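Remarks on the structure that follows.
The values are calculated or read from the model by the stated rules, or taken from the named source; none is laboratory data. Just so you know, these numbers come straight off a predicted model, no measurement behind them. Heads up, the Cβs are rebuilt from the backbone with ideal geometry, glycines too, and the neighbour counts pull from every protein chain shown. Heads up: the accessible areas ignore ligands, DNA and RNA and are worked out on the full protein's heavy atoms, side chains in. Shrake-Rupley method; radii C 1.70, N 1.55, O 1.52, S 1.80 Å.
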Amino acid sequence: MITFLTRRLISAVALLLVVSALTFFLMDLLPDPGRGILGVSATDEQLASKRRELGLDRPVVPRYLDWLWAALRGDLGTSWTTGLDVADSIGTKLPVTLSLTLTATVVCALFGIALGLFAAIRRGIVDRSVHVLAVAGFAIPGLWVGILLVALFAVRLDWLPATGYVPLAESPVDWARSLVLPVATIAVSGIAAIAQQTRNAVATVLERDYVRTLRSRGLPLRRVLLVHVLRNATPPALTVVGLQFIGLLGGALVIEQIFALPGLGSLAIGATSQSDVPTVQGVVLVSVCVVVSVNLVVDLATGVLDPKVGMR
Amino acid sequence: MEPVNATAAADPAQPLLTIDKLVVEYRTGGRRRPPLRVLHEVSLEVHAHETLGLVGESGSGKTTLGRAVLGLAPVAGGTITFAGTRIDGLGRRARRGPSRDIQVVFQDPYGSLNPSMTIGDILTEPLTARHTHTRRAARERIGELLDAVGLPADTAARSARELSGGQRQRVAIARALAPGPRLIICDEPVSALDLSTRAQVINLLVELQQATGVAYLFIAHDLSVVGHVSDRVAVMSRGEIVECADATRVTTDPEHPYTRNLLLAAPVPDPARQAQRRAARHRLAAQGSPAG
Amino acid sequence: MNDNQTAAIAPPTAAEAPAQSPDRAKPAAESVPAAAPRRHGPAGRFLRDPIAVAAAAVLLLVIATGVCAGLLTEHGPNKAALDAVLADPSGTHPLGGDGSGRDVLSRLLYGSRTSLFAGAIATGVALLIGVPTGLAAGYVGGWWDALSSWVANLFLALPGVVVLLALVAVRGPGLVGSMVVLGVLTAAPVFRLVRGEVKRVRGEPYVDAARVAGLSDPRIMGRHILRVVRVPIITQASLIFGLALIIESGIAFLGLGEADRASWGAMLNDASVHVYDNAMLSVWPGAAITLTVLAVTLLGAGLRDAFEDAPKPPAATRRRRVRGPAREPAVRVDTGALLVVDGLEVAYPAPGGEAAVVDAVSLRVDRGEILGLVGESGCGKTQTALAVLRLLPVGGEIRSGRVMFDGRDLAALSERDVNALRGRRIGYIPQDPMSNLDPSFRIGSQLVEPLRAHLGLSRDAARRRALELLDRVGIADPARVFAAYPHQVSGGMAQRVLIAGAVAAEPDLLIADEPTTALDVTVQAEILDLLRSLRREHGMGMILVTHDLGVVADICDRVAVMYAGEIVETATSADLFARPAHPYSAALLAAIPDGAGARSRLPTIPDRVPSVHDRPSGCRFAPRCAYAAPGCAVHPEPTTHRDGAVRCVRVENEVIVWNR
C-alpha cells in the first residue's frame, strides 16, 4: 500500500511538472505578446520595449524555472492587462467555480448512483429510462439547457435569479438560490451519465458467481447488495464520478458565462481574448492541480477498495 | 485425404521431433526478480506416424511444452529439432517454413476460432498464407477438409458462433490438417467437450491419423483419454518428465509414484473397482507422500 | 460512455446450442443447422434496425442542408438587415431574424457546415493518432507501450476545454486549430480503448492459431485484430464526433470562435442575450445540436450492433412469481425423505415464448444419502440444483412443481423464509472456486459474516469457528488463509474454503454443483474424500451435480440421469453402472475410454443434445437412440424399474424389452 501510494504521488507530481512546462512553452509561441496589451496600432518599437519590460527577452528555460520556483511559493506573477496579482484573482474566483462544480458533482453522484443502483436491481422501465436519458443527456448541449431553464424559471416564472452569485459566507440561502439553476443545468446530463455507468457496474457485479454463493450462505439480499455488490461496484462508479468532475471544469466555463457567475471561467475567457499570458498560465496550472488531486483521490480510494490494486 | 508432405522422409529411424534439454523461462514483473522457469531440461522424441501422449496436472508445464514446439513460448535453453532441422529460436519469418509441417488444435473450441469470420475464411487462411493455393484451389480443398472431419460442405458459409463446441473442434482439426502437416500438437482437444461429443472427436482424430499418417503430440490431463489414443505416454510434473513409456504400461502399471498416484486418483466408472482403487490410493498415501 | 452492457441472461441451454435440424445424412457427423433463419450481413442487419436507419436519415439530412445551404436560402449567414432585428417569422425570414438582424434560417443551415466540419476534423485526428498507436502498443508491447501509455495518461489528465482556451489565447480564434487540438486530446481514450482490445485479442487462441498457420504479423493485424477492434472504435468515434459538436458550439458561444463563421453555438450566444425578448431564438440551434448529436450517437450504436451480430437477449423483465396450479403429487411425499422434488419446471423468457429448461423433474434425497445428478451440458442439472436453492439466475423462475424440504414447500415459501433455511439447513458448494469468493474481502471475513448473521455468534466465537472449519477441511495453515484475499490462494484451497462455508452451520442438505470439475484429479480425490467424511460426521444428504461418471461411481449412492431437461433414469449407483436401463445412460457409459482396446473406435451418440426449442415431441432421446422404434413417437412417462424409474417405452412391467 505504501509503495502504491508513493508511486501514485510521484507520477502526479511528474504530471504537474510536464503540463506546466508544456503550457509555458506553448505560451512562449505567442508571436507578439505585447499586441494584446498595446493594441493593433502599436509600433514595432513599442512592442520590443514591452517585451523587455515583461522580461521576455530572456531565454525561455530560465524564465520557466523562475516562474516554477515562484509558483511553488504561491506567486503566479502579475496580469499583463489588469496589473493584478494572478494568484489573488484566482483566489477570489476559484471558490465560485468550486462551489458550482463540487455541488454539481455531489448532486449528480448522489442521484446518479442511487438511480443506477435502482435500475440495475429492478430493471424494467427504470432501467430503460436511464438508458434513454443517458443518450439524450449526452446529446443536449448544457448551454441550451441553461438558456431554457433561465427562460422558464427566471424570466417566465421569476422564481430564481437568472444571473449572479452570492458568496456562501454572505448569505447561505442566497448562495444556494444562485446555484440552483447552474447546478440543475449540469445535473440534467450528469445524473443520467453516472446512473448509466453505475447501473452497468452494479449489473456486472450482480451476475458474478460469488453473489449467488453469498446468498446461498443465507445472507439477506439487502446485505449482499449493500456490502458486497456496492463495494465491488464502487471503484468503477468512482472513476466515472472523477471523470465527470474533470469534464465539469471545462463545462463550468460555459455555465458560468450563461449565469454570469464570476468564476474562473470569466477570468480565463477575459484573459484568453486579451492574450494575458500569466493569467492563462495560472488558470491552467490551478485546473491541472485540481484534476490531478481528483485523480489521486480516485486512485487511492480504488487502491483501498480493491485489494488486487492496493497490493501491487 | 492427401498424404502428408513427403519431403524429408530420409531416415525412418530418425525421430520426427526431438526435444533436447528444453528450458522455458518467463519474465515475471521487474528486471530484478529471477525469471520463472517453467520447463527444466525436458527431453522427448516424437516419431513419424505415432501419437505421443503428454499428461500432467495444471501447472506441470505440458501446455508450455507444446507452445514451445509451435514457437509460441520463449526458449531459454536446449534444442528442438524437427525432421533434422533446428526450429527453436527461429525468427517469425523463418518460422513460417516449418510451421507448414507442425500444426495445432487448441483446447477451447470457443476461443480458437475468430467469432467474426466464416468457417470458409478460417480454413482459407492457412492455405493462402504461403501462396501455396490459389483461391479457387483453396475452395476445393476446403470441401475436402470439411468432408474429412465429417461436416457438411455448406458449413463453409457459416460463422463460428453458429456452431456447437464439437463442430468448432472439427473445424479446428480441419484447419490444422489444411497445409498437410506431419505433426499436430493437440492441446487438450477434447477436455472442453461433453462425453458423447468427446468420443466423436477422439474417433475422428484416430481415423485421420490412420488415413494420413500424421503424428500427434497429444496433451491432456485425463489419463484414460491419453491412454486410449496414444502409442507412448510421457508424464510431466513441475516442469519435468517423470516417466515416459508404452501407453498400456503407463496406464496400467506405472513405475513412478507420481504417475501411480495420478492413475489412482482418476475415478473409474465402476463403483466396485473405484472402491478398491480408493483404498489403494489411501494405502499409497499412508506409506508416505508420493508427490514429486 | 453509453457502453450499454445488456445484462440480461439468456437461458443457458438456449444460448449454448444453436438450432438443429433432423438432417442425418452423415450419421457419424454432427449436422449443421440447414434451415436456420436466413442470416444477413452487417448491411442487412443495419437496414433492419429502424432507429439506426432513422439516425442515418437525420444525419444525411443535416449533411444535405449544410452542402446545399446556398440553394435553400437567399440570405447570407452574416448579412444583417435592420428591419430583421428580432423579427418574427415571415415570408422573407421563415424563422425570423436574430438580435443583429441576421436571417435565423440561413445561419442555421450554414451552421450545420461548421458543426459537421468540426466533428469530422476532431474525429479524424483522434482516429488517425489513436488507432495506429494503440494497435502498435497493444500488439508490440515493450517500451513503446510504456511510453505511449504514459503520454496517453498525461493527455487524459488535462482539462480539455482549458487547454483549448490556452490555445486560443496564443493562436487566436480558429476552428481548424482548436478541433485538431481536441482531436489530439481525444486520441488518448481511443488509444486506450484500442490498446486494451488488442491486448485482449492478442491472447486469444485464434491469434495463436493464425500464427501457427503461417500468417504474417500485418495479415494477423488486418484479418483478426482490426476486425475485432472496429466495433468499439465505431462507438468511440461517434461519441467523439458528438463531443466535438458540443465543444465547438461551446467555444463559439463564449465568443472565442471565428467571428464570420455561422455556428449554432454563436446562435445560442445571441439567444442567451435575448432570452428576455425572444425565447424562441434558442430553440432552433439547440434542437439542431441535440438532433445531430443524437443521430450520430445512435448511428454509432446501430453500426456497432450491425457489425457485432450478437443475438439480442430476450428483455429481462422484473421477476414475477407466477406459478402454475400445483399439480397433484405423482409420488406420495414420504416422511423419511429429506428432500422431495416433484414435477419441477423451471422456465426462462425466450424469443417467442418461454423456454422450459427443466421439465417435470422429480427426485428425492434421503438423510445421509448422496444423489448424483448427471448428464451432458445443457440438460438442466445446474438449473435443477439452483431451483432447489431458489437462486436461479435473472429471468429464471419455478413455473410449477413442489420442492418439499422438511415438510415445507421451498417453491412456495417467501424469500425471507427460504433465506432463513439457506446456509443454515441447506448448504451450497459452487463449481468454480475462484469466481465464487468475493475478491474484495478477506477469506476470513467471508466465513465469519454468515456465522454472525445466521448463528448469532460473537465476533470472537465466529472467528474461532471459522478457523476450526478451515482446519477441518484440510487447510494446513488456517490462520494464514483466514487473513488472505481470494486471489492469494490456489484453486484447490479456495474450493476447501467454499466447502468450509457451505458446512459451517452443519446443514442437513448440501447442494454441490460440479464441486471438483475445475480441479486436478489428485485434488479432486481429496475433495471427494472430504465430502465423504463430512457426510459420515453429520449425516448430511447431498445432491452432487456432475458430468463425470467416475465421480458418481466414487461417491454417489443413487444417480439421476438428466437428458434435455428431464430425468430419464434413476437408479442405485451399483445398478446404473452394471445394468443401465435407459439407452442414453448406456450410451454415456459406453463412450468413456476404459483402457481396453486402445485406439479402437469408441461407441458414440450421434448428433447432440437438442436445444430447448427443438425438443422432439415424443421421446426426447429417440432421434439419437440406437433402439428407437415407432412407439418412441409418444413421450414416455417414468416407469418404476428395480429401485428407481426409467423414462423409456422399452421398460414395461419393470422389464426391459429389447426390440432391436
Can you report the number of residues in the range C:495-521 which are within 14 Å of chain B (Cβ to nearest Cβ) and either touching a residue at least 60 places away in the same chain (Cβ under 8 Å) or surrounded by fewer than 24 Cβ atoms within 10 Å (Cβ to Cβ) (or both)?
8
Do we find that C:A252 is open to solvent by 10 Å² or more (accessible area, probe 1.4 Å), out of contact with any Leu (no Cβ under 9 Å at 6 or more places or on another chain), within 25 Å of A:L149 (Cβ to Cβ) and assigned to a helix (DSSP H, G or I) in this structure?
no
Could you tell me which residue of the range B:188-199 is farthest from C:E376 (Cα to Cα), considering only residues that are open to solvent by less than 10 Å² (accessible area, probe 1.4 Å) and facing chain C (nearest Cβ under 7 Å)?
B:A199
Could you tell me whether any residue of the range B:268-280 is touching a Gly at 6+ places or on another chain (Cβ under 6 Å), open to solvent by 10 Å² or more (accessible area, probe 1.4 Å), farther than 23 Å from B:A48 by Cβ and facing another protein chain (nearest Cβ under 9 Å)?
yes
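Could you list all residues from the range B:159-172 that are part of a helix (DSSP H, G or I) and within 9 Å of chain C (Cβ to nearest Cβ)? It would help to see each step written out before you state the result.
So in the range B:159-172, the residues part of a helix (DSSP H, G or I) come out as B:160-162, B:165-172.
Result: B:A160, B:R161, B:E162, B:G165, B:G166, B:Q167, B:R170, B:A172.
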Verdict on B:V250 being more than 9 Å from chain C (Cβ to nearest Cβ), open to solvent by less than 30 Å² (accessible area, probe 1.4 Å) and part of a helix (DSSP H, G or I):
yes
A:L148: assigned to a helix (DSSP H, G or I), open to solvent by 60 Å² or more (accessible area, probe 1.4 Å) and free of Cβ contacts under 8 Å to residues at least 24 places away in the same chain, yes or no?
yes
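For (1) more than 30 Å from the chain's Cα centre (by Cα); (2) among the acidic types (D, E), each residue gets a yes or a no:
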position	(1), (2)
C:D513	no, yes
C:D548	no, yes
C:A553	yes, no
C:Y563	no, no
C:E569	yes, yes
C:A581	yes, no
C:S585	yes, no
C:I592	yes, no
Within the range A:169-195, count every residue that is touching a Phe, Trp or Tyr at 6+ places or on another chain (Cβ under 9 Å), aliphatic (A, V, I, L, M) and under 28 Å from A:L115 (Cβ atoms).
10
Among the residues that make up the range C:590-608, is at least one of them open to solvent by 20 Å² or more (accessible area, probe 1.4 Å), more than 7 Å from chain B (Cβ to nearest Cβ), part of a loop (DSSP other than H, G, I, E, B) and in contact with a Pro (Cβ under 7 Å, 6 or more places away or on another chain)?
yes
Could you list, in sequence order, the residues of the range B:143-158 that are touching a helix residue (DSSP H, G or I) at 6+ places or on another chain (Cβ under 6 Å), part of a helix (DSSP H, G or I), in contact (Cβ under 8 Å) with a residue 24 or more places away in the chain and open to solvent by 10 Å² or more (accessible area, probe 1.4 Å)?
B:A156
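Residues A:L267, A:L300: which one is open to solvent by 20 Å² or more (accessible area, probe 1.4 Å), within 21 Å of A:T92 (Cα to Cα), out of contact with any Cys (no Cβ under 8 Å at 6 or more places or on another chain) and more than 10 Å from chain C (Cβ to nearest Cβ)?
Of the residues listed, the single one that is open to solvent by 20 Å² or more (accessible area, probe 1.4 Å), within 21 Å of A:T92 (Cα to Cα), out of contact with any Cys (no Cβ under 8 Å at 6 or more places or on another chain) and more than 10 Å from chain C (Cβ to nearest Cβ) is A:L267.
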Selection from the range C:255-282 of residues open to solvent by less than 20 Å² (accessible area, probe 1.4 Å), more than 7 Å from chain A (Cβ to nearest Cβ) and more than 28 Å from C:R171 (Cα to Cα) yields C:L281
Single match in B:R175, B:R130 (criterion: at pLDDT below 85 and either facing another protein chain (nearest Cβ under 8 Å) or in contact with an Asp or Glu (Cβ under 8 Å, 6 or more places away or on another chain) (or both))
B:R130
Identify the single condition in (1) part of a loop (DSSP other than H, G, I, E, B); (2) within 12 Å of chain B (Cβ to nearest Cβ) that C:A209 does not satisfy, given that it satisfies every other one.
(1)
Residue tally, condition under 13 Å from B:D101 (Cβ atoms) and either open to solvent by 50 Å² or more (accessible area, probe 1.4 Å) or touching a residue at least 40 places away in the same chain (Cβ under 8 Å) (or both), over the range B:66-79:
2
Filter pass, B:A176 being open to solvent by less than 10 Å² (accessible area, probe 1.4 Å) and either within 15 Å of the chain's Cα centre (by Cα) or in contact (Cβ under 8 Å) with a residue 60 or more places away in the chain (or both)
yes
Which pairs have Cβ atoms under 7 Å, sit 6 or more apart or on different chains, and link a residue in the range B:44-65 that is within 14 Å of chain C (Cβ to nearest Cβ) to one that is in a loop (DSSP other than H, G, I, E, B) and among the polar types (S, T, N, Q)?
B:T51/B:S230; B:L52/B:S230; B:G53/B:S230
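Select, from B:A83, B:A138, B:A73, B:A129, the only residue that is over 27 Å from B:R37 (Cβ atoms), in the same structural domain as B:L22 (by TED's automatic domain parsing) and out of contact with any Phe, Trp or Tyr (no Cβ under 6 Å at 6 or more places or on another chain).
Values: B:A138 fails: in the same structural domain as B:L22 (by TED's automatic domain parsing); B:A73 fails: over 27 Å from B:R37 (Cβ atoms); B:A129 fails: in the same structural domain as B:L22 (by TED's automatic domain parsing).
The unique qualifying residue is B:A83.
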Go through (1) touching a residue at least 24 places away in the same chain (Cβ under 8 Å); (2) in contact with a Lys or Arg (Cβ under 9 Å, 6 or more places away or on another chain); (3) within 9 Å of chain C (Cβ to nearest Cβ) for A:V291 and report which single condition fails.
(2)
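Can you tell which of C:P311, C:P285 is more than 9 Å from chain A (Cβ to nearest Cβ) and either touching a Phe, Trp or Tyr at 6+ places or on another chain (Cβ under 6 Å) or modelled with pLDDT of 50 or more (or both)?
Details: C:P285 fails: more than 9 Å from chain A (Cβ to nearest Cβ).
None of the others qualify; the one that does is C:P311.
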If I ask for residues that are buried (at least 18 other Cβ atoms within 10 Å of the Cβ) and either within 9 Å of chain A (Cβ to nearest Cβ) or basic (K, R) (or both), which ones from the range C:174-201 would you list?
C:R192, C:R195
For the range C:124-163, name all the residues that are open to solvent by less than 20 Å² (accessible area, probe 1.4 Å) and at the interface with another protein chain (Cβ under 8 Å from one of its Cβ atoms).
C:L154, C:A157, C:P159, C:V162
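Just give me the residues in the range A:192-208 being crowded, with 17+ Cβ neighbours inside 10 Å and under 22 Å from C:A502 (Cα atoms), in sequence order. Outline the logic, then answer.
Step one: of the range A:192-208, the residues crowded, with 17+ Cβ neighbours inside 10 Å are A:192-203, A:205-206, A:208.
Correct list: A:V205, A:L206, A:R208.
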Taking the condition of being in a loop (DSSP other than H, G, I, E, B) and among the hydroxyl-bearing types (S, T, Y), how many residues in the range A:264-287 meet it?
1
Can you pull out every residue in the range C:478-494 that is exposed (fewer than 15 other Cβ atoms within 10 Å of the Cβ) and modelled with pLDDT of 90 or more?
C:A479, C:R480, C:A483
